[in-house]
1. Note down the Stokes-Einstein diffusion coefficient of the range 26-131 in µm²/s, whole number, using a Kirkwood radius over alpha carbon pairs, 25 °C, and 0.890 mPa s.
2. State, to one decimal in nm, how far the label point of residue 649 lies from the label point of residue 48, with both points 7 Å from Cα in the Cβ direction.
3. Tell me, how many Å apart are the Cα centres for the range 696-734 and for the range 472-518?
4. Which value in nm describes the separation of the simple spin-label points at residue 697 and residue 724, placed 7 Å from the Cα toward the beta carbon?
5. In the range 441-543, what is the volume of the convex hull around the alpha carbon atoms, normalised per residue and reported in Å³?
6. Using only the alpha carbons of the range 594-739, what is the convex hull's orientation-averaged projected area in square nanometres?
7. Tell me the label-point distance for the pair residue 484, residue 463, using the 7 Å Cα-to-Cβ offset, in nm and rounded to one decimal.
8. By how many nm would the segment from residue 169 to residue 345 grow when fully extended, if each residue of separation counts as 0.36 nm and the alpha-carbon distance is taken off?
Ligand code: MN
């Protein structure tokens, strides 16, 4: 069936149309300046003329939209400039009027606001369906709005009216706009505490995004209202009686949970409709905070409270400044009823959030900078939002949206400083998040934490109401990379990453210098050269030049990566000065009959195994003929002898070696963990390998180098031992060391 032509559009989406007089009635209650009023009227007359003849998609005159936007702004008690800008918000985009014209008639501020709105308007909804693209658009919308809270208020009013009249658009546009509203405008409205606008936007979006479920909930609600309506009325009356008897001023009303909130409970949290307790709620408005608690006490005396449902948002306000007491009680009919208790001031903030603070105050003048500052102080999120928006293009737009969504919706743990200040942290935050929230320096020097007076591990998850005290130590080595595994707040994460990256850079170089220097010291030492002499050699420009280094430290760093190996430095130095050859004094002598190695064609000559490369039976070996100290046996590839062709002789392992063990130096590289060394030692014990020394050294990045000397019978056995060691968790590399 073809239905297209049957589509009938309701003017203003079926909502009652407002007139300029309706708007005037509202703002006259809080604006009295004749000049201000004249400027608003001038804006209205101006847009009537400029948009004359323009029509909306629904067929109604364009100015209807502008009047409705201005009406919403007046309802929020916005100031004269905001209302004027509300009327004017489309005039630059849709007519020949320029920003200059606006500036001449309404001044700098109104022009700035209209200019920002025009620029946002020009970011047409992206046609490309990639998430990245949308996110980037959304980021630009945020950026455009973050300049001034009034721009946000007008943009929200504009979007609200467009959503109310969405029926006039094509189904594709309906879906696209609803999705964008859900992604961008709802989070902003929520965060600014504009609950009335947020709820209405959510319901309107749901109507287009989930039409079947939306209608289902509408039906369930009207049924529920019928069955529970009367008992709610009687509960209301009974509570009113109680409060009246106690001379407490109050105003009591009932409210129905929004369609979208019910949708969330049913389809996102998975509660059946009948188990949602707060569909119908009573709201009691009184005068003072004390009276709120008094009313709570009186209600709990008469009606049994449902455990776990009491929430004190007066002592711990929500991030968007929402304050109220919530409790759920069992009514006379056995049904559950939520009761919300708050003061008039709290109610105003609950309904219109930041706008309640922003509301135009006569007489103060209208210092936008001062007001903006005030709002930002009250709503530190807004400040974060602005600074996040201005970080520009580093990081993808997607990440930006994710961060924003994450920070907005999960920010709901409230903990106390020792001085009683409430700190808001993301769900799952730890004392480390808390420390970084206080100050980067506190985080960087954090060594411990007391939660409710008890010392706790730094990865303890904080709960709302916890009192947190951070222990710092200025001499602390700084944050640990391991903290990244448990911190939740973006601020802590980035601060730790920054610190660790910086430290690693510095530490790795220092470590490398020390390591390279030690390798050189060992190699030179074997040749009878000690530190001072070695440093003299190495700081010779010819040496540095030959190996291509600027400084000795650079050379040491090179040595760590075996470019060059110490022996080739010694090699190079030999050219200039005869080198002291290994004396044999430092090798473990197993000469004579005990020596497992023999050399053909020599008589009784001392043969010893080299200590630098610790050869084992089964290794490929060569003999190095020393001056007067016999033959020292090296492994064939030992860098200390590899170029000594004239002095090398063939040597062989004896076939009938008596069982013996020989020292062999190995290096185990591993990811550090608890009990790693214990595990290595017990594994070796189980494999019946004697360990004659072990030295573990942290090398940064959570890595550890373990040098060990094992007593092993032969190369094959060593290979088996290596395989056993490699099976230990964390161990990733094992090598034999050549000194
Ligand atoms: Mn508009």
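All of the numbers you see were taken from the coordinates with simple rules; none came from a lab. This is a predicted model, so every value here is computed, not measured. With ideal geometry, Cβ positions are generated from the backbone for all residues, glycine too; neighbour counts draw on all protein chains shown.
1. Values: Rh = 14.5 Å.
Rounded to a whole number, D works out at 169 µm²/s.
2. 11.9 nm
3. So the separation of the two Cα centres works out to 26 Å.
4. Going from the residue 697 label point to the residue 724 one covers 2.7 nm.
5. Details: hull volume 16.0 nm³, N = 103.
About 155 Å³ per residue, rounded to a whole number.
6. Values: hull surface 38.8 nm².
Answer in nm², one decimal: 9.7.
7. The two pseudo-label positions are separated by 3.1 nm.
8. Working: separation 176, 0.36 × 176 = 63.36 nm, distance 3.92 nm.
Full extension of this stretch gives 59.4 nm more.
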